[in-house]
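For reference, the structure is listed below as structure tokens.
The values are calculated or read from the model by the stated rules, or taken from the named source; none is laboratory data. Being a predicted model, the structure only gives us computed values, none of them experimental. Quick reminder, even Gly has a Cβ in these numbers, built from the backbone with ideal geometry, and neighbours come from all protein chains shown. What goes into the accessible areas is simple: the full protein's heavy atoms, side chains included, and nothing from ligands, DNA or RNA. Shrake-Rupley method; radii C 1.70, N 1.55, O 1.52, S 1.80 Å.
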Amino acid sequence: MTRTPVLVAGAGLSGLSTAVFLGMHGTPALVVERHESTSTHPKARGQQTHTMEALRLVGLEDAFVAASPKSRGFALRIAASASGPVFHEILHDTFVPMGHLSPAASADASQEAAERLLLGRARELGADVRFSTELVSFEQDSDGVTAVLRDLRTGEESTVEAEYLVGADGHRSPVRTALGIGTHGSGSIAHNVLWGIRADLGHVVGEEQVLYYLQNPELSGGTGVLVSTDDADRFVVGVGFDPDTQHLDDFTPERAVEQIRIATGVPDLEVEILDRAPVETGMYVADRFSSGRAHLVGDAAHTMPPQGGMGGNTAILDGFYLAWKLAAVLRGEAGPGLLDSHDAERRPVGEWIATNQYRNAMVRTGARYDGPPPVEDPATLFFGYRHNGAVVSEPGDEHELLEDPNAPTGRPGSRAPHVVLDSPDGPLSTIELFGREFVVLTGSEEWERAAKSVAADLGVRLTAHRIGDGLTGPWAEPYGVSDDGAVLVRPDRFIAWRSPGPGPATDLERALRSVLAR
């Protein structure tokens, strides 16, 4: 019998990131994955600044930047083939300047590189990651989760007892199905057959990373896609596939080469086909992200089209946002009710992002669509959403999901604003002060003393940073308080509570108890 605090089903971006951030908080996880390894396809590419802020905390920022292609350009084109004609070109700079909102960089690592990096760090932080291992079944009660695992290489089954289960097992999610959680959304959008290929296309695509959405009546289904990978001679090519009228076997090697040559626009292209897989694109959101001691992240919680590049980022951040809550409950610092906020906070955000990606897909693939346009402002996409669950709401706050990060309010539920302070070691962002424990940001010695007293009384990881004690700068206005006020920031860098001015220590204690469901 194996025992673990958290059992994670799935070792993709969301499952591995959950394990990494649990490890950062001192909670080891057992991760099981039915596949033999991490992803061998590029899939989601690019880590935006909000994701890199989280990865910086676990020492992965430099590694993700290093794993990015040497060419930092990226071109997205709607065309008949990679050789043209091009109907529409979207020059997409993956590295959108966000220095006014964040101290972090961006990266352009592929999913296959990202998963390898996350796997290594998860194991360094104490995670037990087992590939070729299937979660067969599980039961849960008020005391925990009992799961049956199967080693797919030997057929041997074993039992695991866990305090909590995280379903990170993809868009078909057996965990979600076993919990009886349904989905809603726009549904299936397209089916494609994808080939991983090796071919010399340098004379066609150049040195930059490319993504082509193809519209060509000679392609199966009239549509296709071509995307570059981490290797200059390796690409993924896809064409339309109707599972109701076609079978994968219809795409013989000869037909595959024909379709790939049409997609590339090179009639005599020499092609080595590496693999083939059917892929469904759709938009689905789970009706609930939590059920008892089980919680959903990544594609198990929200499946979205790839257009827009937020799927992989959202998957990593799901793990970041859930891990601190699980760790706080497992340490006894928080009550189990804190985990109710996972659904309350991440489901509205996940649905908004998935809906936006659906709108992107409709626009970019030329589908008939007359709905609202997608949100394209990167500041709003990365930093504009709010978490309105585990916070102390203020009078008049209607819990709007979005606010303008360029004009921060400091309201509970909003991301802590990026303010550059002067420190003995040079400029320091307020963002750098948050991420591992609760933080009280204040300019008052009274609130600093109160924070230390409350931390000791409640046995909670709580640190106070007093502006004026080695740190200086105009911090108060963006946070909506006076210099004598205080702001309580959660480990995920969202504001939990604030006091505009002086107040008793009991106000801070009550706020922290409320957030932690104690």
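Please tell me if GLY15 is of a type outside the set (D, E, K, R), open to solvent by less than 30 Å² (accessible area, probe 1.4 Å), in contact (Cβ under 8 Å) with a residue 12 or more places away in the chain and on the phi > 0 side of the Ramachandran plot.
Considered against the rule, which asks whether it is of a type outside the set (D, E, K, R), open to solvent by less than 30 Å² (accessible area, probe 1.4 Å), in contact (Cβ under 8 Å) with a residue 12 or more places away in the chain and on the phi > 0 side of the Ramachandran plot, GLY15 comes out as no.
From the set of residues in region 18-37 that are buried (at least 24 other Cβ atoms within 10 Å of the Cβ) and not hydrophobic (A, V, I, L, M, F, W, C), which is farthest from LEU60 (Cα to Cα)?
Of all residues in region 18-37, those buried (at least 24 other Cβ atoms within 10 Å of the Cβ) come to 18-22, 27, 29, 31-33.
Pick out the ones that are also not hydrophobic (A, V, I, L, M, F, W, C) and you get 18, 27, 33.
On the way: THR18: 14, THR27: 19, GLU33: 22 Å.
Once the filter is applied, the top-ranked residue is GLU33.
Looking at (1) over 28 Å from GLN48 (Cβ atoms); (2) touching a residue at least 24 places away in the same chain (Cβ under 8 Å); (3) of a type outside the set (Ser, Thr, Tyr), which is the only condition ARG255 fails?
(2)
Which one of the conditions (1) under 22 Å from GLN307 (Cβ atoms); (2) of a type outside the set (Lys, Arg); (3) modelled with pLDDT of 90 or more; (4) open to solvent by 40 Å² or more (accessible area, probe 1.4 Å) does ASP200 fail to meet, given that it meets all the rest?
(1)
Could you grab the pairs with beta carbons closer than 9 Å, sequence gap of 6+ or different chains, first residue in region 98-120 and touching a residue at least 24 places away in the same chain (Cβ under 8 Å) and closer than 13 Å to ALA63 by Cα, second one aromatic (Phe, Trp, Tyr) and open to solvent by 10 Å² or more (accessible area, probe 1.4 Å)?
Taking only residues 6 or more apart or on different chains, the pairs are ALA105/PHE95; SER106/PHE95; ALA107/PHE95; ASP108/PHE74; ASP108/PHE95.
Within region 175-187, track down each residue that is open to solvent by 40 Å² or more (accessible area, probe 1.4 Å), touching a residue at least 24 places away in the same chain (Cβ under 8 Å) and either touching an Asp or Glu at 6+ places or on another chain (Cβ under 6 Å) or within 23 Å of LEU165 (Cα to Cα) (or both).
Listed by number, the residues that qualify are ALA178, GLY180, THR183, HIS184.
Can you name every residue in region 212-223 that is under 29 Å from the mean Cα position of the chain (by Cα) and open to solvent by 30 Å² or more (accessible area, probe 1.4 Å)? Before you say what the answer is, go through the steps one by one.
Just the residues of region 212-223 that are under 29 Å from the mean Cα position of the chain (by Cα), to begin with: 212-214, 223.
Hit for region 212-223 is THR223, nothing else.
Return only the number of the condition from (1) at pLDDT 95 or above; (2) farther than 19 Å from ILE316 by Cβ; (3) in contact with a Leu (Cβ under 7 Å, 6 or more places away or on another chain) that GLY413 does not satisfy.
(3)
Hey, can you tell me all the residues within region 332-388 that are touching a Ser or Thr at 6+ places or on another chain (Cβ under 7 Å), assigned to a loop (DSSP other than H, G, I, E, B) and hydroxyl-bearing (Ser, Thr, Tyr)?
The answer is THR365, and nothing else.
Is there a residue being touching a strand residue (DSSP E or B) at 6+ places or on another chain (Cβ under 9 Å), open to solvent by 60 Å² or more (accessible area, probe 1.4 Å) and either under 30 Å from ALA344 (Cα atoms) or in a helix (DSSP H, G or I) (or both) anywhere in region 252-272?
Yes: region 252-272 contains one or more residues that are touching a strand residue (DSSP E or B) at 6+ places or on another chain (Cβ under 9 Å), open to solvent by 60 Å² or more (accessible area, probe 1.4 Å) and either under 30 Å from ALA344 (Cα atoms) or in a helix (DSSP H, G or I) (or both).
Report every pair of residues separated by at least 6 positions or lying on different chains whose Cβ atoms are under 7 Å apart, first residue within region 419-433 and closer than 20 Å to GLY480 by Cα and touching a residue at least 24 places away in the same chain (Cβ under 8 Å), second among the charged types (D, E, K, R) and open to solvent by less than 80 Å² (accessible area, probe 1.4 Å).
ILE431/GLU53; ILE431/ARG493
Please verify whether region 401-413 includes one or more residues that are at positive phi, open to solvent by 20 Å² or more (accessible area, probe 1.4 Å) and part of a loop (DSSP other than H, G, I, E, B).
Initial filter on region 401-413 (at positive phi): 410, 413.
With open to solvent by 20 Å² or more (accessible area, probe 1.4 Å) added as a condition, the list becomes none.
For region 401-413, residues at positive phi, open to solvent by 20 Å² or more (accessible area, probe 1.4 Å) and part of a loop (DSSP other than H, G, I, E, B): absent.
For residues that are touching a residue at least 40 places away in the same chain (Cβ under 8 Å) and surrounded by 18 or more Cβ atoms within 10 Å (Cβ to Cβ), scanning just region 229-246, find the one that is farthest from GLU89 (Cα to Cα).
Within region 229-246, the match that is farthest from GLU89 (Cα to Cα) is PHE241.
I'm checking my understanding of the structure. Among residues of region 346-375 that are basic (Lys, Arg) and within 24 Å of VAL391 (Cα to Cα), which one is surrounded by the most Cβ atoms within 10 Å (Cβ to Cβ)?
If we take residues in region 346-375 being basic (Lys, Arg) and within 24 Å of VAL391 (Cα to Cα), then ARG346 is surrounded by the most Cβ atoms within 10 Å (Cβ to Cβ).
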